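The values are calculated or read from the model by the stated rules, or taken from the named source; none is laboratory data. As the structure is a prediction and not an experimental result, all values here were calculated from the model. Glycine gets a Cβ as well: all are built from the backbone with ideal geometry, and neighbour counts include every protein chain shown. Ligands, DNA and RNA are stripped out before the accessible areas are found, and what is left, the full protein with its side chains, is counted by its heavy atoms. Shrake-Rupley method; radii C 1.70, N 1.55, O 1.52, S 1.80 Å.
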Amino acid sequence: MKRATTTFGVLFYLKKQKTSLQGKAPICARVTVNGKRTEISVKRSLNVNEWNEMKGMAKGNRKEITELNLFLTQFKAKIINTYQNMLLNDEPIDGPTIRDKVMGTDRLAPTLVLLMEYHNEQQLHKLAPGTMKNYHTTQRYVKSFLMEKFKRTDIFLSQLNYKFILEFERFLFNYVPKDHQKPINNNGIMKHIERLRKMINMAVKLDWLAKDPFASFKKRFDKVERESLNSEELAILTDKELSIERLRHVRDMFLFSCYTGLSYIELAELTPNKIVTGIDRGLWISTSRAKTDTRVRVPLLPVATDLMEKYRDDPRALNNGTVFPVISNQRMNGYLKEIADVCGIMKTLTFHIARHTFATTVTLSNGVPIESVSKMLGHTSIRTTQIYAKVVEHKLSEDMRNLEQRMSADVQGI
């Protein structure tokens with residue numbers, strides 16, 4: 001694609017507002033790119049009455065003046081040469097980048113890749129492994145975008161702008177996976193942009209970036225209905241006799257999550273010391289959400305207690321120091337697909353569906369207040385829990401339509 005025309009200019013001026021008591025003012029170069037000005041200090045000063053504003057040079061024939069004008073000519077040539085090299089290398093051009101290259105500070109200026117690496121270092125022990133994995137995926141897309149769009153492996157943070165964000169979004173929409181992966185859907189793209197924005201916010205807080213390029217960007221998530229098991233499917237899953245031990249174990253852990261709302265990582269890290277006696281003298285789970293580090297306390301229903309007791313003496317659970325003999329999330333989801341086939345459940349079962357089932361079928365549908373559900377799920381905002389409330393309203397509407405049909409059939413039968 002043809003590069004848009006760049007307007008460029010250089011001139012020298014005296015910064016008179018910085019005039020010293022001796023009557024000297026610092027000399028600055030003003031670089032103008034596409035109408036935007038950037039100031040570069042040339043580390044020289046001059047008496048105000050010895051400056052020729054029209055020519056942007058010192059006036060006079062003294063040796064010192066002649067040497068100063070020669071220096072300014074060479075300094076200007078360096079700026080122009082820097083601009084021309086950037087033009088030849090098809091680099092994004094702006095005043096701050098030209099200034100950094102001329103002053104030799106470009107090697108110290110923060111870059112996007114440096115920011116991403118710093119973010120990883122700072123967040124490594126704060127974010128869950130799954131979340132960090134998602135950040136690494138986003139960062140791989142950013143690097144691919146830099147190479148495809150700019151033919152380079154990195155970019156200065158000062159070069160980021162709103163246009164960069166829009167072009168990254170378009171890159172993700174047009175990205176064609178080279179392996180078996182599916183193309184990224186809109187919500188996946190918004191999550192990548194959301195993670196990039198969090199890293200950019202870190203740069204703004206660190207004063208690595210003067211302005212947030214995301215200031216005008218609006219995320220657009222498509223509404224997605226959260227899949228969950230209804231009461232009939234939950235009963236089928238509970239009552240099904242499974243002859244294969246590994247499927248029984250996975251089914252039991254899945255059901256435990258259906259009745260407690262724990263995510264996979266929370267179940268995997270559930271140890272006996274996190275089962276405590278609550279205010280009602282019953283057993284409670286007392287843990288923290290791995291995703292947000294929010295404190296979570298969940299009273300155990302009898303069915304959850306029974307499931308837990310089944311594995312009190314399990315060798316693998318004892319060896320791991322956990323309540324259940326947990327396997328990897330990937331294997332767990334693979335076995336859940338087998339279980340769904342055996343039980344005749346048409347939904348694609350993943351472990352996270354158990355958490356959704358707790359929110360909808362087990363609690364909200366049975367009249368548990370949304371505030372209590374939000375607390376047990378460890379949500380930091382009740383708006384997150386309201387997503388599930390909409391699903392319940394959907395179910396109520398469906399139930400009423402079924403009732404209407406039954407009543408209509410009864411009337412017709414009279």
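Each row is one residue, and each column tells you yes or no for (1) modelled with pLDDT under 95; (2) buried (at least 16 other Cβ atoms within 10 Å of the Cβ); (3) under 43 Å from the mean Cα position of the chain (by Cα).
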{"position": "53", "(1), (2), (3)": "yes, no, no"}
{"position": "72", "(1), (2), (3)": "no, yes, no"}
{"position": "77", "(1), (2), (3)": "no, no, no"}
{"position": "89", "(1), (2), (3)": "yes, no, yes"}
{"position": "92", "(1), (2), (3)": "yes, yes, yes"}
{"position": "95", "(1), (2), (3)": "yes, yes, yes"}
{"position": "101", "(1), (2), (3)": "yes, yes, yes"}
{"position": "111", "(1), (2), (3)": "yes, yes, yes"}
{"position": "121", "(1), (2), (3)": "yes, no, yes"}
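The residues of segment 328-339 that are among the hydroxyl-bearing types (Ser, Thr, Tyr) and surrounded by fewer than 17 Cβ atoms within 10 Å (Cβ to Cβ) amount to a single one, 328.
In the set 40, 93, only one residue is touching a residue at least 60 places away in the same chain (Cβ under 8 Å) and farther than 15 Å from residue 12 by Cβ; that residue is 93. Within segment 145-159, can one find any residue that is farther than 18 Å from residue 214 by Cα, open to solvent by less than 80 Å² (accessible area, probe 1.4 Å) and assigned to a helix (DSSP H, G or I)? Among the residues of segment 145-159, at least one is farther than 18 Å from residue 214 by Cα, open to solvent by less than 80 Å² (accessible area, probe 1.4 Å) and assigned to a helix (DSSP H, G or I), which makes the answer yes.
Within segment 166-187, can one find any residue that is in contact (Cβ under 8 Å) with a residue 40 or more places away in the chain, out of contact with any strand residue (DSSP E or B) (no Cβ under 8 Å at 6 or more places or on another chain) and surrounded by 15 or more Cβ atoms within 10 Å (Cβ to Cβ)? The answer is no; no qualifying residue exists. Evaluating residue 199 against the criteria (1) of a type outside the set (Phe, Trp, Tyr); (2) assigned by the TED database to the domain that holds residue 131; (3) farther than 27 Å from residue 134 by Cβ leaves one unmet condition, (3). Do we find that residue 342 is surrounded by fewer than 19 Cβ atoms within 10 Å (Cβ to Cβ) and assigned to a loop (DSSP other than H, G, I, E, B) in this structure? Criteria not met by residue 342.
Among the candidates 307, 300, 237, which residue alone is assigned by the TED database to the domain that holds residue 340, over 34 Å from the mean Cα position of the chain (by Cα), open to solvent by 10 Å² or more (accessible area, probe 1.4 Å) and not small (Gly, Ala, Ser)?
Of 307, 300, 237, the one residue that is assigned by the TED database to the domain that holds residue 340, over 34 Å from the mean Cα position of the chain (by Cα), open to solvent by 10 Å² or more (accessible area, probe 1.4 Å) and not small (Gly, Ala, Ser) is 307.
When segment 188-234 is filtered for residues that are closer than 26 Å to residue 346 by Cβ, assigned to a loop (DSSP other than H, G, I, E, B) and touching a residue at least 60 places away in the same chain (Cβ under 8 Å), the ones remaining, listed by number, are 225, 226, 227, 228, 229, 230.
The rows are residues; the columns are (1) in contact with a strand residue (DSSP E or B) (Cβ under 9 Å, 6 or more places away or on another chain); (2) closer than 29 Å to residue 380 by Cβ; (3) in the same structural domain as residue 124 (by the TED database); (4) in a strand (DSSP E or B).
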site	(1), (2), (3), (4)
242	no, no, no, no
253	no, yes, no, no
257	no, yes, no, no
260	yes, yes, no, no
266	yes, yes, no, no
270	yes, yes, no, no
285	yes, yes, no, yes
296	yes, yes, no, yes
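The set of residues in segment 371-410 being modelled with pLDDT under 85, outside any helix (DSSP H, G or I) and open to solvent by less than 100 Å² (accessible area, probe 1.4 Å) consists of 381 alone.
Residues that are closer than 26 Å to residue 236 by Cβ and charged (D, E, K, R) within segment 251-310 comprise 251, 252, 266, 306, 309, 310, listed in sequence order. Whether a residue is among the acidic types (Asp, Glu) and closer than 30 Å to residue 263 by Cβ was assessed, and residue 167 does not pass this test. When every residue of segment 346-354 is checked against the conditions, none turns out to be open to solvent by less than 50 Å² (accessible area, probe 1.4 Å) and in contact with a His (Cβ under 9 Å, 6 or more places away or on another chain).
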